[in-house]
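Below: one structure, written as structure tokens.
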Amino acid sequence: MSALTPIAPAGGPPAKGPYSPGIRAGNLLFVSGQIAVAADGSALAHADLETQTRQCLANLCAVLEAGGATLEQVAKVTVYMADPEGWPVFNRVYAEVFDAHRPARAIVPVPAFPGGFLVEIDAVAVLGG
């Protein structure tokens, strides 16, 4: 029996490559980078940053829920953004979704994503007590 359990939300977008949307390892849940792809698999790549950020966070929440976690259990978030000028928009949506919870966070500027995506978000959550 493996100590690693793949996690995939039933209503989430399908993985587009050889990876799992999430992996549970003991009491940790690692959520793969989430981009703006709707549950039906349609890409929101050319939508504005606010729309893409909301979809990324919705996808993140779906993987957390499938793994038995909530946003309040997220300990670390990494954000990859193609345009640093978008930080104010991203931060507003992020703060709205995370509410009073403030996990550790890193923001990494990256070159443009393929296909018009503007942001990708991954996370680590601590499960249980």
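As a footprinting exposure proxy, order Leu118, Leu71, Leu57 by other Cβ within 10 Å, with the fewest listed first.
With the sparsest Cβ surroundings first, the list reads Leu71, Leu57, Leu118.
Mind checking the alpha-carbon convex hull of the chain and giving the volume per residue in Å³?
Per-residue hull volume (Cα only) is 104 Å³.
Give me the distance in nm between label points sitting 7 Å out from Cα along the Cα-to-Cβ direction at His101 and Ala15, one decimal.
For His101 paired with Ala15, the spin-label model returns 2.3 nm.
Between Thr5 and Thr70, what length in nm is gained on full extension when 0.36 nm per residue of separation is reduced by their alpha carbon distance?
21.7 nm
To the nearest 500 deg cm²/dmol, what mean residue ellipticity at 222 nm is calculated for the chain from DSSP H runs of n ≥ 4 alone, each contributing -39,500 (n - 2.57), summed and divided by the residues?
Here the helix-only value at 222 nm equals -7500 deg cm²/dmol.
Which residues does the label zone of Glu85 cover in segment 13-53, counting backbone N under 19 Å from a point 7 Å along Cα→Cβ?
In segment 13-53, the label zone of Glu85 (backbone N under 19 Å from the point 7 Å along Cα→Cβ) covers 46-53.
If neighbour count is taken as other Cβ atoms inside 10 Å, put Tyr80, Tyr19 in order from fewest to most.
Least crowded to most crowded, the residues run Tyr19, Tyr80.
For segment 101-129 and segment 7-37, what is the separation of their C-alpha centers, rounded to whole Å?
13 Å
List the trypsin sites (Lys or Arg not before Pro) in segment 1-107 that DSSP assigns to loop (not H, G, I, E or B) and whose Cβ has at most 14 other Cβ atoms within 10 Å. Which are they?
Loop-located and lightly packed - Lys16.
Helix 49-66 versus the longest principal axis of the chain: what is the Cα-based angle in degrees, 0 to 90, to the nearest 10?
That helix lies at roughly 0 degrees to the long axis.
Since every read-out is calculated from the coordinates, none of them should be taken as a lab result. Note that the structure is predicted; figures quoted are calculated from it, not measured. FYI the Cβ positions are ideal-geometry reconstructions off the backbone, even for glycines, and counts take in every protein chain you see.
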